[in-house]
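*Asks:* What follows is a single structure, and I will ask about it in a moment.
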Protein chains: 2
Amino acid sequence: MTARTPDSARDIPEATVARLPVYLRALTGLAEGGTTTCSSEELAASAGVNSAKLRKDLSYLGSYGTRGVGYDVEYLRYQIAREIGVTHDWPVVIVGIGNLGHALANYSGFRSRGFRVVALLDADPSRHDEVVAGLDVRSFEDLESIVAENDVSIGVIATPAVAAQAVADRMVAAGITSILNFAPSVLSVPDGVDVRKVDLSIELQILAYHEQRKSVAPAGEVSAT
Amino acid sequence: MTARTPDSARDIPEATVARLPVYLRALTGLAEGGTTTCSSEELAASAGVNSAKLRKDLSYLGSYGTRGVGYDVEYLRYQIAREIGVTHDWPVVIVGIGNLGHALANYSGFRSRGFRVVALLDADPSRHDEVVAGLDVRSFEDLESIVAENDVSIGVIATPAVAAQAVADRMVAAGITSILNFAPSVLSVPDGVDVRKVDLSIELQILAYHEQRKSVAPAGEVSAT
DNA sequence: AGGAGTTTGTGAACGGGAGAACAAAACGGG
DNA sequence: CCCGTTTTGTTCTCCCGTTCACAAACTCCT
């Protein structure tokens, strides 16, 4: 939390960081469509954001556009990728090869965006003979050696909730400093370790809340009582 | 975006709404552990937030605590559940039964939190004989009848990116008003339809950004060049 | 019954992000 | 070479969310 930005110190706002991958994806889409140059307006439309917000976000990285012209798609794409750090591959381990672990291991979006799954681990020995996504499921005991050998700094937790904290502790001890947690539990980790949480049912509950309100007040009109 | 809150108008801030499911889960955990009463401090710790924030969040729902004592776990749990709207079941359809669709269909967290998967749909006919999570995969053509018969208002999209917009359009036309989108694409929907997006690779990219910065400035010290 | 000790609920200050509006800069045409 | 047009980069303002701090209210002990 204490963002030490010693001297070079271009600190990009967290909200902007969260949108950069969206811009990256939009730019990739434009490039595949044959577009070589785009305005902030076009790119913003592709990314589903306001053009003013887009320009402000990009301004934190530097001045990569040309006034009166727009942005060079390929050039900007590279600059954002470099800033995020996805110009090189990030080795990743996935722990917990249940339904969700399967899906994650097979998810092509990781590979194509600079993440390389180097190992799949599960505590259940009966799973250790399985081969998922071209990798054989290994024992959770191998975590330390795998992390050390492959210089892994990112771990994904897809275990049941009860196991998540223990897995996280072990990951941290092994040297992992970024964790993506799919288990529905709150992890406590030491300073310097980043945790991001994805909770499928929470998203649905948020939708349910709004849905419930819709049915109470259908279209801005309320039946006077 | 134009939040019409005509007269009754307890409008709960969006940030608070997003945390209510977390509190709900924390309360369920406490209840299972045998706790009947808890302070805001305890509950905040379980939910991983600040106690002041927790109290302010809860104050939007009403005064359900007792000063000097704390909150009755079961009572507060019910009040939050009622506010979110998960006291009754929400029927849900899932479209796209690939790896992720499989995982979602089997995810027990939906069932246990008031969401009932009523149908699994896929455009690929070769999948229509499969049975996943006790439901047989049906044709996407059946969407309208299923939505109408089961009064479905929430849809989940787990298709490839290219198909997502078409699926969303069809969902909206069928009467669905809340969409949870796992496909990596920006959906455009009419006003009155809520969309929430979950993007697995974006989360990893955000972690990668912070990870990259860590390695540049390991511990507040920077090597002078 | 009264006072000390807790804990909630909320008013107020603070910080950060979103959006509008504008100045700076590049291009193109005459 | 100069001026109008286009589009970026930035400044300013507003609003939402977070946090602090404290008064109100409840319990327990004497």
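*Asks:* Of the conditions (1) buried (at least 16 other Cβ atoms within 10 Å of the Cβ); (2) closer than 20 Å to A:Asn99 by Cα; (3) in the same structural domain as B:Gly98 (by TED's automatic domain parsing), B:Ile154 clears all except one; give me its number.
*Replies:* (2)
*Asks:* Listed residues B:Val92, B:Val73; which is more than 9 Å from chain A (Cβ to nearest Cβ), crowded, with 22+ Cβ neighbours inside 10 Å and modelled with pLDDT of 95 or more?
*Replies:* B:Val73 is the lone residue from the list that is more than 9 Å from chain A (Cβ to nearest Cβ), crowded, with 22+ Cβ neighbours inside 10 Å and modelled with pLDDT of 95 or more.
*Asks:* Starting from segment A:34-58, take each residue that is within 19 Å of B:Leu187 (Cβ to Cβ) and list its partners that are within 12 Å of DNA strand C (Cβ to nearest atom) and part of a loop (DSSP other than H, G, I, E, B), counting only C-beta distances under 7 angstrom and pairs at least six apart or across chains.
*Replies:* Close Cβ pairs (under 7 Å, with a partner that is within 12 Å of DNA strand C (Cβ to nearest atom) and part of a loop (DSSP other than H, G, I, E, B)) amount to A:Ala44/A:Asn50.
*Asks:* Does A:Leu30 meet the test of being within 9 Å of another protein chain (Cβ to nearest Cβ), touching a residue at least 40 places away in the same chain (Cβ under 8 Å) and away from DNA strand C (no atom under 16 Å from the Cβ)?
*Replies:* On the way: within 9 Å of another protein chain (Cβ to nearest Cβ): no; touching a residue at least 40 places away in the same chain (Cβ under 8 Å): yes; away from DNA strand C (no atom under 16 Å from the Cβ): yes.
Criteria not met by A:Leu30.
*Asks:* So is B:Gly62 outside the structural domain of B:Ile157 (by TED's automatic domain parsing), surrounded by fewer than 22 Cβ atoms within 10 Å (Cβ to Cβ) and away from DNA strand C (no atom under 16 Å from the Cβ) or not?
*Replies:* Values: outside the structural domain of B:Ile157 (by TED's automatic domain parsing): yes; surrounded by fewer than 22 Cβ atoms within 10 Å (Cβ to Cβ): yes; away from DNA strand C (no atom under 16 Å from the Cβ): no.
The answer is no for B:Gly62.
*Asks:* When the residues of segment B:27-55 are filtered to those that are farther than 23 Å from A:Leu204 by Cα and within 12 Å of DNA strand D (Cβ to nearest atom), which remaining residue is surrounded by the most Cβ atoms within 10 Å (Cβ to Cβ)?
*Replies:* B:Ser40
*Asks:* Checking B:Val156 against (1) touching a residue at least 40 places away in the same chain (Cβ under 8 Å); (2) within 22 Å of A:Ser215 (Cβ to Cβ); (3) more than 12 Å from chain A (Cβ to nearest Cβ), which single condition isn't satisfied?
*Replies:* (3)
*Asks:* Residue pairs, Cβ under 6 Å, 6 or more apart or interchain, first in segment B:197-218 and farther than 16 Å from A:Ile179 by Cα, second at pLDDT below 95. List them.
*Replies:* The qualifying pairs are B:Ala217/A:Pro6.
*Asks:* OK, next. Checking the conditions here, which among A:Asp191, A:Asp124, A:Asp129 is surrounded by fewer than 22 Cβ atoms within 10 Å (Cβ to Cβ) and under 30 Å from B:Asn50 (Cβ atoms)? It would help to see each step written out before you state the result.
*Replies:* On the way: A:Asp124 fails: under 30 Å from B:Asn50 (Cβ atoms); A:Asp129 fails: under 30 Å from B:Asn50 (Cβ atoms).
Sole residue among the options that is surrounded by fewer than 22 Cβ atoms within 10 Å (Cβ to Cβ) and under 30 Å from B:Asn50 (Cβ atoms): A:Asp191.
*Asks:* Please determine whether any residue of segment B:66-73 is more than 16 Å from DNA strand C (Cβ to nearest atom) and polar (S, T, N, Q).
*Replies:* Kept after step one, since they are more than 16 Å from DNA strand C (Cβ to nearest atom), are these residues of segment B:66-73: none.
No, every residue in segment B:66-73 fails to be more than 16 Å from DNA strand C (Cβ to nearest atom) and polar (S, T, N, Q).
*Asks:* To continue, here is another question. Test each condition in (1) assigned to a helix (DSSP H, G or I); (2) within 12 Å of DNA strand D (Cβ to nearest atom); (3) in contact (Cβ under 8 Å) with a residue 24 or more places away in the chain for A:Leu24 and report the one that comes out false.
*Replies:* Of the numbered conditions (1) assigned to a helix (DSSP H, G or I); (2) within 12 Å of DNA strand D (Cβ to nearest atom); (3) in contact (Cβ under 8 Å) with a residue 24 or more places away in the chain, the odd one out for A:Leu24 is (2).
The values are calculated or read from the model by the stated rules, or taken from the named source; none is laboratory data. A quick note: this is a predicted structure, and the numbers were derived from the prediction, not measured. Note: ideal-geometry Cβ built from the backbone for every residue, glycine included; neighbour counts use all protein chains shown.
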